[in-house]
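The values are calculated or read from the model by the stated rules, or taken from the named source; none is laboratory data. Quick caveat, the model's predicted, so the values are computed rather than measured. Note: ideal-geometry Cβ built from the backbone for every residue, glycine included; neighbour counts use all protein chains shown.
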Amino acid sequence: MIAIGLLQTDSVLPHLQVVHGDYPAMFRQVLEQTGLSFEMSVFDVEHGCYPADLDECDGYVITGSRMSVYDDEPWIKELGSFVQELDKQQKKLVGICFGHQLVAHVLGGKTQASNKGWGVGCHNSRLLTTVAKNLPGVDEFSLLSSHKDQVSELPPNADLIASNAFCEIAAMRIEDHILTFQGHPEFTPAYSKALLDMRRELLGEETYRRGVQSLQQSLDRVTVAAWMIRFIEGNL
């Protein structure tokens, strides 16, 4: 059984936690739906909690966050240094949304606010490379998104493995130890709808409407969660 370390970079807002739970619960739920064996430890890196030893876990997952990776926050810089050490030691790492962007930001790529504005709702991504074709199951995948930043330049040694109409760098892989996705396998349509409702005025009516309509589409969140576990196992 693999040991996954969840590096938590944010918390669900209290009034939404009542219905949807916090991010660790969301990740645990979708990972359990794969039927694959794992155990998960949570490290609240936003408040300085890290494993005592890198080998405490077989691999790590960085969650999403409402923050931007380029914000001048000490905890973001500390997490960036941790990512660099994971990369140096070729320790397995999966980045989701903020995690995807942070990997690019600290390993020589670039993350910035998109001139397209907010990406919300369900986004359908196509797998692009032979690296990605080795991922079992599908040639396309659909995940829920909620972001205004995007990776605009890949880090050196990174392969672009998935793209969609809104986000060109929707997923990337660095050698055999880092795998990242812009979308959220842990999000459910109900939680995405709650975020859309909360940000309706910020998003504007057209973006809000399109986002809500897209929630009717089928998702590949469990498939992507299985990829995450298999990647950490070394079985991709």
Filtering the stretch 218-228 down to residues that are surrounded by fewer than 20 Cβ atoms within 10 Å (Cβ to Cβ) and assigned to a helix (DSSP H, G or I) yields V222, T223
Identify the single condition in (1) part of a strand (DSSP E or B); (2) at pLDDT below 95; (3) of a type in the set (A, V, I, L, M) that V18 does not satisfy, given that it satisfies every other one.
(1)
Checking the conditions here, which among S11, S81 is more than 30 Å from A165 (Cα to Cα) and free of Cβ contacts under 8 Å to residues at least 40 places away in the same chain?
S81
Where a residue in the stretch 59-75 is surrounded by fewer than 23 Cβ atoms within 10 Å (Cβ to Cβ) and its partner, wherever it lies, is outside any loop (DSSP other than H, G, I, E, B) and polar (S, T, N, Q), with Cβ under 7 Å and at least six apart:
Y70/T111
Taking first residues from the stretch 202-227 that are over 17 Å from G183 (Cα atoms) and second residues anywhere that are in a helix (DSSP H, G or I) and small (G, A, S), the pairs with Cβ under 9 Å that are 6 or more apart or on different chains are L203/G211
The stretch 14-34, residues that are in contact (Cβ under 8 Å) with a residue 12 or more places away in the chain, among the hydrophobic types (A, V, I, L, M, F, W, C) and out of contact with any helix residue (DSSP H, G or I) (no Cβ under 9 Å at 6 or more places or on another chain)
none
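Residues are listed down the side, and each one gets a yes or a no for (1) within 15 Å of the chain's Cα centre (by Cα); (2) among the hydrophobic types (A, V, I, L, M, F, W, C):
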{"residue": "V42", "(1), (2)": "no, yes"}
{"residue": "D53", "(1), (2)": "no, no"}
{"residue": "E56", "(1), (2)": "no, no"}
{"residue": "S65", "(1), (2)": "yes, no"}
{"residue": "W75", "(1), (2)": "no, yes"}
{"residue": "S81", "(1), (2)": "no, no"}
{"residue": "L93", "(1), (2)": "yes, yes"}
{"residue": "V103", "(1), (2)": "yes, yes"}
If you go through the stretch 64-86 one residue at a time, do you hit one that is among the polar types (S, T, N, Q) and within 15 Å of A225 (Cβ to Cβ)?
no
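Table: residues versus (1) of a type outside the set (A, V, I, L, M, F, W, C); (2) in contact with a strand residue (DSSP E or B) (Cβ under 9 Å, 6 or more places away or on another chain).
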site	(1), (2)
D139	yes, yes
S142	yes, yes
A158	no, yes
E175	yes, yes
E186	yes, yes
A194	no, no
T207	yes, yes
V212	no, yes
V224	no, yes
Output the residues belonging to the stretch 170-195 that are surrounded by 24 or more Cβ atoms within 10 Å (Cβ to Cβ) and of a type in the set (A, V, I, L, M).
A170, A171, M172, I178, L179
For the stretch 77-119, which residues satisfy the criterion of being under 21 Å from D55 (Cβ atoms), of a type in the set (S, T, N, Q) and surrounded by 22 or more Cβ atoms within 10 Å (Cβ to Cβ)?
none
Only residues that are within 26 Å of Q17 (Cβ to Cβ), of a type in the set (G, A, S) and not in a loop (DSSP other than H, G, I, E, B): list them for the stretch 166-217, please.
A190, S192, A194, G211, S214
Based on this model, can you work out whether C122 counts as crowded, with 19+ Cβ neighbours inside 10 Å, touching a helix residue (DSSP H, G or I) at 6+ places or on another chain (Cβ under 7 Å) and at pLDDT 95 or above?
yes
Of these, V138, V131, which one is modelled with pLDDT under 95, in contact with an Asp or Glu (Cβ under 8 Å, 6 or more places away or on another chain) and in a loop (DSSP other than H, G, I, E, B)?
V138
